[in-house]
Amino acid sequence: MKRFLLSLFVTVILVSCQKGVVYKEFHKFDNYVWERFDKVKFTIPVEEAGMKADIVFTIRHITRYPYGNLPVNVILTTPSGEERIVEKDIRLKDDNGEFTGSVAGDLWDFEETLWPGFQFNEAGNYTIEFENLIPKMGIPGLADIGVYLKKSK
């Protein structure tokens, strides 16, 4: 229960500090494990074509997360079906082996901009799908992942 309250507090603080955020969603992992073949999908409604926004990936993990990185496959699909696929190896630790990001208690928050200034040329539902690429059956120590859009100029 303490972990949940701390997580809720950190989320409220982060959301209140982010100006220009037009979409934000998280996917919580059961038992802090992202299973190897479980893809996580977010649907982003875009009401008006022409919007420009940074697409940011968020990761929340505990201190006992066993890896220094999180390799993921990211698939962005437009309303008309066009796909953009990128493989990202997100470094969660610096060269000294220390986690980066912000910490509150045992929870670490990390952000990675996937597409800065992405032009949403169509109105409709965009989807972003994440697949973990660590070759184990499950990645322990992950609380949640998420996506948010921050309007850019």
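If you take the residues of region 114-148 that are of a type in the set (S, T, N, Q) and under 27 Å from TYR32 (Cα atoms), which of them is surrounded by the most Cβ atoms within 10 Å (Cβ to Cβ)? Working first, answer last.
Step one: of region 114-148, the residues of a type in the set (S, T, N, Q) are 119, 121, 125, 127, 132.
Now drop any that are not under 27 Å from TYR32 (Cα atoms), which leaves 127, 132.
Numbers: THR127: 14, ASN132: 21.
Result: ASN132.
Taking into account only those residues within region 66-107 that are more than 30 Å from PHE120 (Cα to Cα) and charged (D, E, K, R), which is surrounded by the fewest Cβ atoms within 10 Å (Cβ to Cβ)?
ASP95
In region 18-55, how many are over 24 Å from PRO140 (Cβ atoms) and touching a strand residue (DSSP E or B) at 6+ places or on another chain (Cβ under 6 Å)?
Taking region 18-55 and keeping what is over 24 Å from PRO140 (Cβ atoms), we get 18-24, 43-55.
Still in the list and also touching a strand residue (DSSP E or B) at 6+ places or on another chain (Cβ under 6 Å): 20-24, 43-46, 51-55.
Qualifying residue count, region 18-55: 14.
What pairs come out if I take residues in region 87-109 that are on the phi > 0 side of the Ramachandran plot and pair them with residues that are assigned to a strand (DSSP E or B) and surrounded by 14 or more Cβ atoms within 10 Å (Cβ to Cβ) whose C-beta lies under 6 Å away, six or more apart or interchain?
GLY101/TRP108; GLY101/ASP109; GLY101/PHE110
Looking at (1) at negative phi; (2) modelled with pLDDT of 95 or more, can you tell me which one GLY81 breaks?
(1)
Picking from ILE85, ILE90, ILE75, which residue would you name as being among the β-branched types (Val, Ile, Thr) and closer than 22 Å to VAL22 by Cα?
Values: ILE85 fails: closer than 22 Å to VAL22 by Cα; ILE90 fails: closer than 22 Å to VAL22 by Cα.
Exactly one residue qualifies, and that residue is ILE75.
Under 16 Å from the mean Cα position of the chain (by Cα) and free of Cβ contacts under 8 Å to residues at least 60 places away in the same chain: is that true of LEU76 in this structure? Walk me through it before giving the result.
On the way: under 16 Å from the mean Cα position of the chain (by Cα): yes; free of Cβ contacts under 8 Å to residues at least 60 places away in the same chain: yes.
Criteria met by LEU76.
The values are calculated or read from the model by the stated rules, or taken from the named source; none is laboratory data. Fair warning: this is a prediction, and the values are worked out from it, not measured in the lab. Note that each Cβ is placed from the backbone with ideal geometry, even for glycine, and that neighbours are counted across all protein chains shown.
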